Every structure is written in structure tokens, then in C-alpha cells.
1. Find the all-direction average of the projected area of the Cα convex hull for the chain, expressing the result in square nanometres with one decimal place.
2. Do the alpha carbons of any pairs in Lys25/Lys363; Lys67/Lys305; Lys192/Lys344; Lys67/Lys363; Lys316/Lys344; Lys6/Lys67 sit beyond 22 Å of each other, and which pairs?
3. Got the relative contact order for the chain handy, in percent, Cα pairs under 8 Å and 6 or more residues apart?
4. Could you order peptides 47-58, 5-16 by the average number of other Cβ atoms within 10 Å of their residues, highest first?
5. Please report Rg over Rh for segment 140-239, where both radii come from the alpha carbon positions and Rh follows the Kirkwood definition.
6. List, largest first, the extents of the alpha carbons of segment 77-135 along their principal axes, each in whole Å.
7. Helix-only estimate, please: 222 nm mean residue ellipticity of the chain, summing -39500 (n - 2.57) across DSSP H runs of length 4 or more and dividing by its residues, to the nearest 500.
8. For a quick protection proxy, order the peptides 125-134, 272-281 by their average other-Cβ count within 10 Å, most packed first.
Amino acid sequence: MGGRPKVVVAGMGDTGVLVASNLGKGFDVTGIATRPALVSGQELGNRLARPEFWSRNNLTTFDRFRKLDRVHVVHGAITGVDLDGRRVTVDVPDGPPVVLGYDVLVIATGVSNGFWRKDRVESLAEVRDEMDAQGARIAEAASIGVVGGGATGVSAAANLARRHPDKAVHLFYGQDEPLPGYHPKVRHHLAKELAAAGVHLHPGHRAAVPEGFALDDLTPGPISFSTGQDPVEVDLVLWAVGAVKPNTAFLPAEVLDEQGFVRVEPDLHVPGRPEVFAVGDVAATDPHRSSARNWAYRLVVNNVKALVAGTPGKAKPYVAPEHRWGSIIGPQEDGMTVYQPNGKWFRVPHWAVQPILIDVITKGVIYGGIRRARR
């Protein structure tokens with residue numbers, strides 16, 4: 001590879017930003033983003049219940065990331081990849097398609113999931129307008145039904161119930177306890193936390209998705225069920241049933257599994273393509289596709305450097321934990337609880353959440369520094 005190796009990072013969500021920013025020194029890095037900002041897919045509950053707090057910490061224009069100063073970001077959608085020719089084609093909003101050559105390609109395009117993760121090109125104004133519209137619909141609703149017992153549904157139900165005690169918040173899920181994939185102790189504990197927050201729990205209720213509905217919007221009630229219960233009337237329904245769709249339409253079928261996720265080897269490179277890596281929700285690493293967490297971005301950075309340096313022996317494998325983990329309901333006004341894969345948890349006190357955990361550790365250490373937003 002002559003000169004600085006060219007790396008294209010396809011997708012600039014949480015994982016893509018971390019990969020690009022940590023490869024910016026020593027590489028010629030281009031990131032491809034459908035929005036001109038990192039619009040995190042995390043913390044949906046806080047996004048809906050505390051939008052100003054969420055935006056301050058999870059909606060960040062790329063020019064504010066200090067470690068992205070060395071990265072060129074293209075705002076557009078990838079329409080094709082020539083794996084043999086090592087070229088990526090990007091449709092941009094206001095010009096002809098852009099063709100980018102690469103020495104290394106990192107696929108971090110994530111998944112589409114509900115109204116908060118969509119695979120489409122948007123402006124910052126469109127993102128904010130949509131958030132405002134969602135907030136207005138929640139404000140008008142006296143009763144809200146959250147469908148789905150995964151982390152997203154639990155986060156949404158808990159935060160809405162805590163922030164809006166005047167509203168009736170219901171959570172419907174198919175199993176006996178919410179949070180499949182998490183440790184049994186965590187599942188049991190969160191069920192009690194939800195009830196204590198005022199959420200009306202409905203285990204064993206599997207909702208029937210309306211015919212033709214793409215699960216990409218808030219809808220009015222009622223909610224019908226395929227498990228035989230009578231329909232439940234609510235003013236607003238939030239669908240979080242886990243029907244994720246990988247954003248991989250631009251990739252050839254040869255690199256995808258049966259569900260459309262990117263197949264990877266233990267070191268996260270695509271089989272037969274040592275110069276192509278996949279990481280995050282789009283990578284078929286394990287049943288939970290957990291490389292969006294667990295510091296996998298650092299592993300990809302290490303393995304890209306090992307590939308370019310010609311030292312494949314320094315590449316490291318990704319090892320997934322047995323159970324999912326995380327804060328689940330995110331920062332609260334009384335602190336934050338982090339649940340671990342072994343079923344234990346610890347509390348971060350309120351006074352430490354914003355100034356230490358978010359501002360110093362997340363923004364300062366993990367992301368390498370974020371400038372203040374311009375007024």
C-alpha cells in the first residue's frame with residue numbers, strides 16, 4: 001500500500017464514529033454517514049421522555065468530535081460496493097454519485113429498527129423535526145402502549161412512566177419476564193423496577209402487527225394480540241418488537257448470512273476478504289450480534305493496523321459475553337444502574353453521571369473530546 005492506507009468506514013453511528021476516529025491518525029479515513037451528525041440509536045427511553053437531555057449527549061454533529069478532524073465525512077447513502085475493485089459508490093443529496101477507493105473497508109452500517117433507526121439520508125433539521133413531532137404525540141396521549149420486552153421497550157416504558165406519572169404506560173411482551181438474552185437475575189429485577197415505576201406489565205401478550213405496517217412509526221390503538229387476549233385500547237402505541245433489518249442492501253449476497261447480516265471470522269474480517277471488516281449490529285458475530293458493545297471497535301482498529309502492518313499474528317478475536325448487559329433504562333434523575341453479564345449490577349450516583357461518566361469518561365476518554373455546541 002503506497003502512501004497512507006485508505007480506509008472507508010461505511011456507517012457513522014456510535015460504532016462507526018469510534019472506529020473512524022481511532023484510525024484517523026496514520027490512515028486516510030473517509031466515513032460515510034446518512035446524517036450530518038451522530039444520531040445515537042441508544043437510550044430511546046430518554047430520547048422520548050427527556051429529549052433535551054438526550055440531545056445534549058446523543059445528538060452530536062461530526063464537526064464537534066476532535067478526533068474526527070482527521071476524517072473526511074461524506075453525507076449520503078451507499079448504493080454499491082465493488083469488492084474486487086475495492087470501490088464504494090455513494091449517492092449524495094446535492095451532486096453526482098461519489099466513488100471512493102479503499103485499501104480497507106469497515107462495514108458499520110447498523111440496522112433499521114422502528115422509528116428511531118432508519119436507513120435513509122436525512123438533514124439535521126429533519127432529524128430534529130421528527131423528534132419534535134414524536135414528542136408532541138406523546139404529550140397529547142393519556143395512555144401509551146409499548147409493545148416489546150427487549151431493552152428498547154423496557155427503556156421506553158420505564159422512562160415514560162417516570163417522566164409522565166399522569167399517563168398510563170403499559171408494557172406488552174410475549175414471555176413471562178422482559179429482557180430475553182439478559183441474565184435471569186437482571187430480568188427479574190427489572191420487572192420489579194418497572195412495576196415500581198408505575199408501568200402496567202402484561203406478560204404473555206404477543207401483539208399482532210397490523211397488516212402492511214413496517215413498524216416504523218408511532219400508531220394509535222387499539223392493540224390486538226395473537227395470544228388470545230382481548231384488544232387493549234390506548235391512545236398511542238410504540239412498537240419495539242425487535243424486528244431489526246440489517247442495512248446491507250448495497251452488499252453482495254456472498255458476504256451475508258440468511259438474515260442479511262454480514263458474516264465475519266473471529267477477528268471480524270469477512271470470510272475470503274481480509275481487507276473487509278464488519279462490526280456492530282450489522283455483524284453476525286453471535287446470537288446477540290453484540291459487537292456494538294464490548295469494546296469491539298478497539299479490536300477492529302487493532303486488527304486493521306495489524307493487517308496494514310503485515311503482522312496478522314497480532315490480530316485479536318472477538319469473544320462475546322454469554323448475556324447482554326448495559327444500563328438498560330439509562331441515566332435517571334437519581335443516578336444510573338449498570339447491569340453486568342453475570343447478573344450483578346452497580347449504581348452510578350446522580351452527582352457523577354453527567355460530569356464524570358458522560359462528560360469525562362464517555363465524551364473525553366472514549367470519544368477523545370467533544371467541542372461545545374455552537375449557539
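1. Answer in nm², one decimal: 19.0.
2. Lys316/Lys344
3. Result for the chain is 17 percent.
4. Order by mean packing, descending: 5-16, 47-58.
5. Taking Rg over the Kirkwood Rh, I get 0.95.
6. Dimensions of segment 77-135 along the principal axes of its Cα atoms: 46, 25, 14 Å.
7. After summing the helix terms and dividing by residue count, I get -6500 deg cm²/dmol.
8. The most tightly packed comes first, giving 272-281, 125-134.
Rule-based calculations on the coordinates, nothing more; no lab input. All values reported here derive from a predicted model rather than from experimental measurement. Cβ coordinates were reconstructed from backbone atoms using ideal geometry, including for glycine residues, and neighbour counts include every protein chain displayed.
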